[in-house]
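Enquirer: Here's a structure for you.
The values are calculated or read from the model by the stated rules, or taken from the named source; none is laboratory data. Source: prediction; values computed, not measured. What goes into the accessible areas is simple: the full protein's heavy atoms, side chains included, and nothing from ligands, DNA or RNA. Shrake-Rupley method; radii C 1.70, N 1.55, O 1.52, S 1.80 Å.
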Amino acid sequence: ESCTDCYDVVSNKAPLKNLGLTIVNEETVEIDSREGRRLLRQYDITAVPTFLLQGDLDGYDNLQRVWPQVGTTEKDGTYVFRKGLSLMGTYKDLETGEIVSKADASNASNRAQDAANSVPIAAPPSS
C-alpha cells in the first residue's frame, strides 16, 4: 500500500528537465515485487520513494554538478537519488520501517505511518 503522506516522486521531473534531461522511458516498480527487491539489493536502496536514472548521462554538465549533493552514481553508471529525500518531503526509511517527515528529517527523529512502495526508474535519451 502506498504512503499517502510521502512526497510524489514525479515532482522530480521538473528539476531534471531544468538540468536538460528528457525522460524517454519511465517505469514504476513496487518494492515488494521481484524487480523491486532486486533493485533494493543491487543499489542498496534504504529509503523510498526514490528514482534511478540510467543512460548516457555524462554529457549533462548541470546534472554532474548537482548530483553529488542529492545522490550517488553506481559502478554500472546508474544514478540513485538518495541524499535529496529529506529535502523533498516525507519518505519511508526501509532500515527502521518508519515514515520520516521533512520536519522529522531535519530534526533527526522518526515517526511511523503507512509504507511507501515505489522505485521509479527514469532513463534519459541515449546520445
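Enquirer: In Å², what does the accessible area per residue of the stretch 1-99 work out to with a 1.4 Å probe? Working shown, then result.
Expert: Numbers: 5660 Å² over 99 residues.
That works out to 57 Å² per residue.
Enquirer: Can you run phi through the Karplus equation (6.51, -1.76, 1.60; θ = phi - 60°) for the stretch 54-70 and list ³J(HN,Hα) in whole Hz, with x for Gly and Pro?
Expert: 9, x, 7, 9, 4, x, 8, 4, 5, 4, 4, 6, 7, 3, x, 7, 10
Enquirer: A follow-up question, please. Could you name the aspartates and glutamates whose alpha carbon sits less than 20 Å from that of Lys13, not counting residues in the same chain fewer than 8 places away?
Expert: By straight Cα distance, Lys13 reaches Asp5, Glu26, Glu27, Glu30, Asp56, Asp58, Asp61.
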